[in-house]
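Quick notes on the structure that follows.
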Number of protein chains: 2
Amino acid sequence: MFEAAELGHTIDKKTYDRRAPEVRQALLGAQYEALREARFPIIVVIGGVDGAGKGETVNLLNAWMDPRYVATHAMGEMSQEERERPPFYREWRALPPKGRTGIFFGSWHSAPIVERVFRRASRAELDQALERIVRFERMLTDEGALLFKFWFHLSKAQQRHRLRALEQDKATRWRVTPTDWRHFELYDRFRRVSEHALMRTSTGNAPWTVVEGVDARYRDLTVAQALLDGLRARLVGEPSTPKKSAAPLHVPLDGRTLLGATTASAKVDEARYDAELEALQGRLNLATRHRRFQRGAVVVVFEGPDAAGKGGAIRRVTGALDARAYQVVPIAAPTEEERAQPYLWRFWRHVPRRGKLAIFDRSWYGRVLVERVEGLCSEPDWMRAYDEINEFERQLTEHRISVVKFWLHIDQREQLARFERRKNTPFMRHKLTEEDWRNRAKWARYEVAASDMIDRTGVASAPWTIVPANDKRHARLVVLRTLSERIEASLSRGRA
Amino acid sequence: MFEAAELGHTIDKKTYDRRAPEVRQALLGAQYEALREARFPIIVVIGGVDGAGKGETVNLLNAWMDPRYVATHAMGEMSQEERERPPFYREWRALPPKGRTGIFFGSWHSAPIVERVFRRASRAELDQALERIVRFERMLTDEGALLFKFWFHLSKAQQRHRLRALEQDKATRWRVTPTDWRHFELYDRFRRVSEHALMRTSTGNAPWTVVEGVDARYRDLTVAQALLDGLRARLVGEPSTPKKSAAPLHVPLDGRTLLGATTASAKVDEARYDAELEALQGRLNLATRHRRFQRGAVVVVFEGPDAAGKGGAIRRVTGALDARAYQVVPIAAPTEEERAQPYLWRFWRHVPRRGKLAIFDRSWYGRVLVERVEGLCSEPDWMRAYDEINEFERQLTEHRISVVKFWLHIDQREQLARFERRKNTPFMRHKLTEEDWRNRAKWARYEVAASDMIDRTGVASAPWTIVPANDKRHARLVVLRTLSERIEASLSRGRA
């Protein structure tokens, strides 16, 4: 992987002086065009060997492009707020909106490589981290990001020479730290691990460009030209992955679905309800006050048809909790800032800190429900959403965040009765819109989509609970009991 | 202030059982109406004596209102990210958007009171903190927020009694901490300081409601009824402060303004420019690499007419810096999320952390420039913006963030020449819009507004530098020199 970057590439001063101004001006023009179109974000990942010109290149890009629309992120130590969330939280926070450029310096690849070089992570853990990176980058490019990955390379002899040269110059001496020399002693190991990491993360949609770091002119022009070419190709062309038109929804030939097979529950009478509700709320309260609860966090998802009783169930949950411990996140149409980001960005924003619960009233499953059924996104987009959602939830559960998902299930007749009741109750009338009636007409399609979703995203670490909800009391008790059980189980695993 | 809240207020169970459901339903209805209109945010501040039912009341509000549109913030220990910003940063981050409710528990009043009770702050420091609170709350209500402030009170005997009762009940014992008892020993002092704080922060636009905390029924109904009344009054009525129509801009009778009096500079030739630019960039770079620079931060503001050369000057500044140390923030029209917040919210978002520079290409001064001249906000709104801006910048400078403000000044003839050049250069044509020509027609009005702004917001701790910018080279050198000097001065004060 590195051989081609040890050939001693150089560009002579005359060539550089002729080409640099052209490339620079063209790059700036392309940047402005991308900004004006605001169709895709530009993400530049910078990695590589110490002393190979990573910092210089980042500064060069900021000088050649308009720095007002470039944000540079040096991913060093995590802050406390970041440590309390899953590892990719800070990358999600830093993603540039469409039209803008984000430079990720000491990118998401560095940490796993360094961990492995210093033997703090096993080979399997490294591969696991790399697999996670591949998925993250696949999500970025699927979402339309223009992703560049540059790896700056020096041979061992070159690196030694360069570190010495930097040390001898008074103006640059400060830049050579003891860490740099310590890394140098591990050069061979670092090279082996890096090569492995680059191979594993160099995919068709997000290949690495390895740049020989010795000659500054060669380095500068190579990176700038690569950026320019990538930008131009994207600006003139179609989106890189032409989307297939959505296939018609597959409805099982015998009409049987997971949800259609859900049977109604027995009714719970008021006296039993009151007694059980109080007991279950007390139980949930106790579980969230356990000292081990502070070690993890909880994400609760409520999905289900309109009028299924999500709001009422949520209020019975929050009624058991200390208001400081939870946040309810109602999901409506995305805001302007959210629309300029990958789909899951707006959910990452609300990932809870340690000791907290985030309760989602509708959620990231919107993509495979309403967006799928209403044709708001293409088939490839919602098909890949299953993978992205599973990956998102896996990152949560691996970070000791329990993911508890409820599908509140009512049948068509019950929904109609509830709609009529809303229509006739002045106080509730605003809860019923034209859209609700329209959605209702697509009941069968929603049922197929929901059954499909539950099937594809129900995993042991983040299972779905289908709650028969024709009887509200029954539904609320099931929700409280399930949530308590899940939290208690996490406490005994040392999780919350 | 507390006498009326020691009368032993109670509400009997029968009355409560009759009124509570009515109030509860009406409150929920009012909440939904406020949500639908999305005209103003609802901010509820909860303070008071330990054991007086603050937590219960917060939980009650979350139970009686729809918790999906209520966010509760317990302001405990600051996180590292928060500590690196001025004190009100976290309140700004937590403000609810229009239509939503934010409950601030252990609000912004607690910390100054506690600091004073434990004699970690002088009386003068307390008053300074209270003054800051008054300004913050004034800003909130001026921006249209519906602000409620509840103080929960107990007499000394009542507090002792209540803490003991909590301790004796197994279910509530956990809630009494040693801190509570330590605070109790300081009851008299706490009462005196609280009373002083309440008096100082109980203003016409944001009065306190002191609630006797002994009887839960009385407490619950009092708070819920107050919220309901406030919401109803706002929902039916006009905005609470009817805005005067904007008065015509005052143009000095003799036509002389601060900016009109700015004289053009001598031209700088290319050779001198190149030499000085390099020296000044080196100087700036050195200053930002000083170890003491990590103790503070820098905010740089660029304002000036269209085509004054802000972008070019910014590039010369960033060209001297490590890309990881700065962020450039170009200010365009506010996003949807920003429009749902008070004016300064979108600038608070970008307050830099320790050791960083935030460079604003246009800024919060838009309100007293373009918004004033174009009539995009009312006169009372832009008039109060001077106070709010001065307060914002004072919070920055007091937090060791240097505020460096540049007005790049060109005359009308020079602007015309630059517009023509843009029109005739294919590469730059997109930088020139119809709006630029329209703004140009209002040159005199902009000049008056800008002169006024510089006059009213130029303070010793955050002075304006008027940069004659007909000659770009001269302007860039002045910017670099001034910025270097300001940073160097801050380093020698132990600031950055």
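Counting only other chain Cβ atoms within 10 Å of each residue's Cβ, the peptide A:326-338 averages 4.
Take B:Arg160, move 7 Å from Cα toward the beta carbon, and the resulting point lies 8.0 nm from the same point in each other copy, nearest first. All other residues with a Cβ under 15 Å from the Cβ of A:Pro97 taken together, and with Lys, Arg as +1 and Asp, Glu as -1, what is their net charge? That sum, taken over residues with Cβ under 15 Å, equals +2. On the beta carbon distance between A:Thr425 and A:Ala460, with R0 = 51 Å, the FRET formula returns roughly 0.75. The mean of 1/r over all distinct Cα pairs in the stretch A:81-210, once inverted, gives the Kirkwood hydrodynamic radius of 16.5 Å. A simple count of charges around B:Glu167, restricted to other residues whose Cβ falls under 15 Å of its Cβ and scoring Lys, Arg +1 and Asp, Glu -1, yields +4.
Ranked by the mean number of other Cβ atoms within 10 Å of their residues, highest first, the peptides B:163-176, A:469-482, B:66-79 come out as A:469-482, B:66-79, B:163-176.
Taking amide H as placed 1.01 Å from N in the peptide plane, B:Val329 has its amide H under 5 Å from the amide H of B:Ile359, B:Phe360, B:Asp361, each at least 5 places away in sequence or on another chain.
What separates the Cα centres of the stretch B:431-470 and the stretch B:143-161 is a distance of 46 Å. Please give the Cα centre distance for the stretch B:18-86 versus the stretch B:373-392, rounded to the nearest Å. After rounding, the separation between the Cα centres reads 29 Å. Among A:417-423, A:152-158, sorting by the average number of other beta carbon atoms lying within 10 angstrom of each residue, highest first, gives A:152-158, A:417-423.
If you plug the beta carbon distance of A:Phe2 and B:Arg481 into 1/(1 + (r/R0)^6) with R0 = 51 Å, you get a FRET efficiency near 0.70.
The Kirkwood radius of the protein assembly as shown, taken over pairs of alpha-carbon atoms, gives through the Stokes-Einstein law at 4 °C and 1.567 mPa s a diffusion coefficient of 41 µm² s⁻¹.
Charged side chains reduced to their Cβ positions (Lys and Arg at +1, Asp and Glu at -1) give chain A a dipole of some 1100 debye around its Cα centre.
Projecting 7 Å from Cα along the Cα-to-Cβ direction, the label point of A:Ala489 sits 6.4 nm from its equivalents in the other copies, listed shortest first. Between B:Val44 and B:Gly102, B:Ile103, B:Phe104, B:Phe148, the built amide H atoms are under 5 Å apart, and every one of these is 5 or more places off in sequence or on another chain. Of the DSSP H helices in chain B, those with a Cα length along their own long axis of 27 Å or more and a mean Kyte-Doolittle hydropathy reaching 0.0 comprise B:216-236.
Once you sort the root eigenvalues of the Cα gyration tensor of the stretch B:3-236 as a ≥ b ≥ c, which label holds: rounded (a/c under 1.5), prolate (a/b larger than b/c) or oblate (the other case)? Oblate, because a/c is 1.5 or more while a/b does not exceed b/c. The residues packed around A:Ser461, meaning those with a beta-carbon under 10 Å from its beta-carbon, carry a net charge of -1 if Lys and Arg are +1 and Asp and Glu are -1. In plain terms, the C-alpha convex hull of the stretch B:89-166 casts an average shadow of 7.1 nm² when viewed from every direction.
When the pairs A:Lys310/A:Lys423; B:Lys54/B:Lys149; A:Lys14/A:Lys149; A:Lys98/A:Lys405; B:Lys14/B:Lys54; B:Lys310/B:Lys423 are compared against a 21 Å limit on Cα-Cα distance, A:Lys14/A:Lys149; A:Lys98/A:Lys405; B:Lys14/B:Lys54 fall above it.
Working from Cα pairs under 8 Å separated by at least six residues, relative contact order for chain B is 19 percent. Please say if the stretch A:348-496 is rounded, prolate or oblate, where rounded means a/c under 1.5 for a ≥ b ≥ c the square roots of the C-alpha gyration tensor eigenvalues, and otherwise the choice is prolate for a/b larger than b/c and oblate otherwise? It comes out oblate by the Cα gyration axes.
Would the stretch A:256-404 count as rounded, prolate or oblate if I go by the C-alpha gyration tensor, calling it rounded below 1.5 in a/c and otherwise prolate when a/b exceeds b/c, oblate otherwise? Oblate shape, in that a/c is at least 1.5 and b/c is the bigger or equal ratio. The length gained on full extension between B:Gln25 and B:Ala444, counted as 0.36 nm times the residue separation minus their Cα-Cα distance, comes to 145.2 nm.
From helices alone, chain B scores -15500 deg cm²/dmol at 222 nm; the rule is -39500 (n - 2.57) for each run of n ≥ 4 DSSP H residues, then divide by the residue total. Mind listing the label-point distances from B:Ala264 to the same position on all other copies, shortest first, one decimal in nm, points 7 Å along Cα→Cβ? Inter-copy label distances (nm, one decimal, shortest first): 8.7. Across chain A, the volume of the C-alpha convex hull divided among the residues equals 176 Å³ per residue. If R0 is taken as 25 Å, the Cβ-Cβ distance between B:Ala332 and B:Glu276 corresponds to a FRET efficiency of 0.15.
Read the figures in this text as sums done on the coordinates, not as results from a lab. Quick caveat, the model's predicted, so the values are computed rather than measured. Neighbour counts are summed over all protein chains in view; Cβ atoms, including those assigned to glycine, are modelled from backbone coordinates with ideal geometry.
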